[in-house]
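A.B. asks: Quick one: this structure, given as structure tokens, is what I'll be asking you about.
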Amino acid sequence: MSLITIIVCAFVIGYAFIALESVTKINKAAIAVLMCVVCWTLLACGYEELGIQGFELSEAIEKNLGEAGTTLFFLMGAMTIVEVVDQHGGFNWVRSALASKTKRSLLWKIAFMTAILSAVLDNLTTSIVMIMILRKLVQDPKDRIWYAVCVIIAANAGGAFSPIGDVTTIMLWNGKMITALGVISEIIVPSFIAFIVPTAVMQMHLKGELPKVVDEHEAEISHLTKNERIMIFWLGVGGLCFVPVFHTLTELPAFMGILGVLGVLWCVTEIIYRQKEEHDPMAKRVTKMLSRIDLSTIMFFLGILMAVAVLSEIGVLTSVGKWLDEAVGNDFLVTGAIGILSSIVDNVPLVAGAMKMYAIDPNSVNLAVDGIFWQLLAYCAGVGGSMLIIGSAAGVVVMGLERISFGWYMKNVTWIAFVGYVAGILCYWFEKAYLF
């Protein structure tokens with residue numbers, strides 16, 4: 001058995017354990033890290049027999065770690081900023097903005113608000129925020145389950161058209177496969193179609209007026225004044241929106257912009273809290289927020305990206321890409337299949353693999369920067385995860401918070417999400433055929 005076959009088998013076994021996390025009860029981050037180490041160790045023990053011209057092990061590790069680091073530092077910075085804003089009550093205004101008389105009007109407000117917030121924040125954080133708000137607005141569990149489903153679909157769709165809305169779009173943006181202006185201008189309409197169509201179907205399950213919430217008491221957030229909380233909100237969310245502009249103007253990596261925003265927010269909050277009483281038990285300094293970052297998620301991305309890098313180094317992904325070109329040869333079919341597959345397995349390794357399979361080709365309409373393939377990949381990998389409740393981070397977290405069963409979702413929602421997914425692809429095809 002050749003070394004390449006052994007490495008591929010190790011990767012497939014690890015990938016299978018990640019996909020079956022709910023069955024094995026082993027955290028996928030642990031498997032991803034172990035898979036990364038095993039694949040690189042196998043490569044280190046036998047790369048000489050592969051005869052890869054000009055290959056240096058240390059250089060390969062440093063290069064791929066640098067590429068992965070840009071995504072990881074971006075995520076860490078963004079997660080910290082969102083946590084600071086949330087802990088200071090920055091998203092309380094969302095609750096008041098969603099006040100509705102009828103169940104259907106609330107559903108539509110939930111859909112659009114979730115999509116917009118997901119584009120600015122990320123689908124995971126947005127899902128958590130929206131479910132917490134829904135618990136205060138909707139008391140009936142049978143009704144709330146449909147609102148929760150709407151949150152999953154809209155969060156994934158909203159993140160797909162923003163360069164900072166989803167891990168996969170962040171990866172494509174950092175890899176210079178897409179630009180902020182390109183993905184927003186050409187994917188925003190298909191993404192909106194992808195959640196508007198399912199929402200139109202789901203509203204059939206909701207009828208009548210929405211009962212008024214009896215308890216509207218809001219706990220005191222901190223000793224900060226209203227103006228101070230508003231300032232923190234706009235520094236955080238406004239800063240996130242400014243990152244694509246910063247990247248375009250300076251051509252520095254996007255994570256530098258995120259770290260800049262975090263630095264400003266950190267300094268401002270330190271100045272604010274310096275004037276407060278030291279014994280304030282509700283003080284939410286950035287140093288405390290850093291300890292709340294989900295490091296297991298960061299480790300999962302590190303393990304996956306570095307494991308995929310091994311397949312790239314040994315030429316497996318390039319070979320798969322060539323085979324797909326010859327066997328399928330249609331970008332809509334290839335990316336469409338990746339989107340459907342992303343509902344079964346994590347979309348991060350799928351997109352990482354696709355980025356290694358295909359190189360940017362300025363002479364190709366499909367593979368140039370903002371080409372059809374890359375934009376479709378951003379859309380399909382993001383939206384496709386809605387077809388199964390385990391297909392996205394948003395789905396998994398809502399599944400846990402609202403105790404939605406896999407079987408119920410598959411029976412009642414999968415076909416609805418699929419219709420929206422296909423409608424968005426057709427919309428993009430129409431744009432490319434007749435508009436752009």
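A.B. asks: Compute the distance from the alpha-carbon center of segment 385-420 to that of segment 251-275, in whole Å.
C.D. replies: 36
A.B. asks: With Rg and the Kirkwood Rh both taken from Cα atoms, where does Rg over Rh land for the chain? If you can, show how the numbers build up before the last one.
C.D. replies: Working: Rg = 22.2 Å, Rh = 22.7 Å.
In the chain, Rg relative to Rh is 0.98.
A.B. asks: Rounded, prolate or oblate: pick one for segment 374-416, where a ≥ b ≥ c are the square roots of the eigenvalues of its C-alpha gyration tensor, a/c under 1.5 means rounded, and failing that, prolate if a/b is larger than b/c, else oblate. It would help to have the intermediate numbers written out before the result.
C.D. replies: Details: a/c = 4.04, a/b = 1.76, b/c = 2.30.
Verdict is oblate for segment 374-416.
A.B. asks: How large is the helix-only mean residue ellipticity at 222 nm for the chain, computed as the sum of -39500 (n - 2.57) over DSSP H runs with n ≥ 4, divided by its residue count, in deg cm²/dmol to the nearest 500?
C.D. replies: -23500 deg cm²/dmol
A.B. asks: If I model a spin label at N363 and K109 as a point 7 Å from the Cα along the Cα→Cβ vector, what separation in nanometres do I get?
C.D. replies: Roughly 5.6 nm, to one decimal.
A.B. asks: Same structure, new question: Grab the beta carbon distance between V245 and K142, set R0 = 35 Å, and tell me the FRET efficiency rounded to 0.05.
C.D. replies: About 0.20, to the nearest 0.05.
A.B. asks: Please list, in chain and number order, the residues 5+ apart from T102 or on another chain whose amide H is under 5 Å from its amide H, with Hs placed from the backbone.
C.D. replies: Those qualifying (amide H under 5 Å, at least 5 residues apart or on another chain) are L210.
A.B. asks: Mind ordering 200-211, 158-169, 61-72 by average Cβ neighbours within 10 Å, highest first?
C.D. replies: Top of the packing list down: 158-169, 61-72, 200-211.
A.B. asks: Right, here's the next one. Packing-wise, with mean Cβ within 10 Å as the measure, how do 136-146, 415-425 rank, highest first?
C.D. replies: 415-425, 136-146
A.B. asks: Additional query: Mind scanning K25/K176; K101/K142; K103/K432 and naming the pairs with a C-alpha gap bigger than 25 Å?
C.D. replies: Checking Cα-Cα distances, K25/K176; K103/K432 exceed 25 Å.
Every number in this text was worked out from the coordinates using simple rules, so none of it is lab data. From a predicted model like this one, the values you see are computed outputs, not experimental measurements. Backbone-built Cβ (ideal geometry, glycine too); neighbour counts: all protein chains shown.
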